[in-house]
Amino acid sequence: MKNALYIGTVSGIKIFIHWTFLILIGWIVFSNLSRGLGGEEILWSVIFILTIFACVTLHELGHALAAKRFQIKTRDITLLPIGGVAQMESMPEKPGEELIVAVAGPAVNFIIFIILFFALPQPASPEMEQLQHIGPANFLYALMVVNMWLALFNLIPAFPMDGGRVFRALLAFRMDRTRATRVAAGLGQLLAMGFIFLGLFYNPFLVFIGLFIFIGAQAEAQQTETQSMLRGFTVRDALLAEVPGIEADATIRSAADQLLQSQNKYFVVNNAGKPEGTLGRDEIIKALGELDGEAPVRQAMRKDVMYLSPTMPIEEAWKMMQQQDQPFALVTSKGEIVGALDTDNIAEFVMIRSAEQGKKGK
Ligand SMILES: [Zn+2]
């Protein structure tokens, strides 16, 4: 993830903190100052937030290390003010494996909760339960409570929470994955509407959580639907046979003209008959704003050309393109360019397939 500060590597997984995290710290300092708290109290609350995020990191590492057992790599973990995000290469599709990976995160928080529960005197003193002010007296107690909530919150059975994946995995033992996703996403959206409704009356924060879950459920259902529609097909089935080309010395303005005058959105940039890069609509528009229109397209192109083989499963190609943020790839066979693949084309392929399937179902 961009705009993030690297803080370390654990078991081959890079850990980053997103810069917006500073806003959270700033907000805590500011709101504590405006409540009239002193320097020492503010310091404790900042240390507390950092400790919570250390627990969030352990949560994400829980997922990542469980995934590693199933040969799924995690590229990095980024901490955002709303929580952590582990960039896994994929999610296991076997229900048993997905269940383990999804549960592993909340399990970490639950273990921290249990350890603190037994380490701390029971019952807690009234002083410890005063959670408005975090200080040495109630620090560990508050950390215990937060970890309990982190485990419970993440187990809400709705995407994008871990609970949504747990629920899908449980359903997938009995039905196919696409249907399981649809059912789980449906329940998630129902819960989301419940949150939004309650939030309107009680706490605006619930509205925010509700919207977050609603959008997450939709995205997950879409993702799985696309995957299932692509299954069993190869790159060749969605191939764009004609690849529009442009010379590396051609001007950016001439590329913009080609964009306007044709349906093409992506071009291969050639130099002496060999592909040197690719150029898409976004790069052209960006270059027009930043560079001179007379500058050569070489200055605007993407140099990291992605090559695919026509026999590669299209599902795999689609995942690779998502992971590397590449909307366009060249397809080669025996060293020759035989066509191209772009994400719009994959989307059209999915639409055609689902329309055909809908007809068959009737
Ligand atoms: Zn999680």
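The values are calculated or read from the model by the stated rules, or taken from the named source; none is laboratory data. In this text, all values refer to a predicted model and were calculated from it rather than measured experimentally. Neighbour counts run over all protein chains shown; Cβ positions are idealised from the backbone, glycine included.
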Residue count, segment 88-116 (criterion: within 13 Å of the ligand (Cβ to nearest atom) and not hydrophobic (A, V, I, L, M, F, W, C)): 4
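Working carefully through the options E294, E316, find the one that is surrounded by fewer than 18 Cβ atoms within 10 Å (Cβ to Cβ), acidic (D, E) and free of Cβ contacts under 8 Å to residues at least 12 places away in the same chain. Full working, then the answer.
Details: E294 fails: free of Cβ contacts under 8 Å to residues at least 12 places away in the same chain.
Criteria check complete, one pass: E316.
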Selection count, segment 187-233, where residues are touching an Asp or Glu at 6+ places or on another chain (Cβ under 8 Å) and among the aliphatic types (A, V, I, L, M): 1
Residue identified as in a helix (DSSP H, G or I), at pLDDT 90 or above, more than 15 Å from the ligand (Cβ to nearest atom) and not polar (S, T, N, Q) among I28, I23, I42, I47: I47
Segment 147-159 residues that are surrounded by 17 or more Cβ atoms within 10 Å (Cβ to Cβ), paired with ones that are assigned to a helix (DSSP H, G or I) and among the polar types (S, T, N, Q) (beta carbon under 6 Å, 6 or more apart): N147/N109; L150/N109; A151/N109
Residue in segment 64-77 that is in contact with a Gly (Cβ under 7 Å, 6 or more places away or on another chain) and either farther than 16 Å from G163 by Cβ or within 13 Å of the ligand (Cβ to nearest atom) (or both) present: yes
Residue list for segment 83-123, filter: closer than 22 Å to R177 by Cβ, out of contact with any Gly (no Cβ under 6 Å at 6 or more places or on another chain) and of a type in the set (G, A, S): A86, S90, G96, A102
Some residue of segment 272-291 being at positive phi and either within 23 Å of the chain's Cα centre (by Cα) or loosely packed, with under 13 Cβ neighbours inside 10 Å (or both): yes
Qualifying residue in segment 1-16 (condition: part of a helix (DSSP H, G or I) and either surrounded by 14 or more Cβ atoms within 10 Å (Cβ to Cβ) or of a type in the set (K, R) (or both)): no
Looking only at segment 330-344, and only at residues there that are without any contact (Cβ under 8 Å) to a residue 40 or more places away in the chain and in a strand (DSSP E or B), the one that is nearest to the chain's Cα centre (by Cα): T332
I77 being modelled with pLDDT under 90 and within 15 Å of the chain's Cα centre (by Cα): yes
Every residue from segment 230-268 that is within 22 Å of Q299 (Cα to Cα), charged (D, E, K, R) and in contact (Cβ under 8 Å) with a residue 24 or more places away in the chain: E247, D249, R253, K265
Residues that are among the aromatic types (F, W, Y) and surrounded by 17 or more Cβ atoms within 10 Å (Cβ to Cβ), drawn from segment 187-220: F195, F214
Residue list for segment 161-170, filter: in a helix (DSSP H, G or I) and crowded, with 19+ Cβ neighbours inside 10 Å: D162, G163, G164, R165, V166, F167, R168, A169
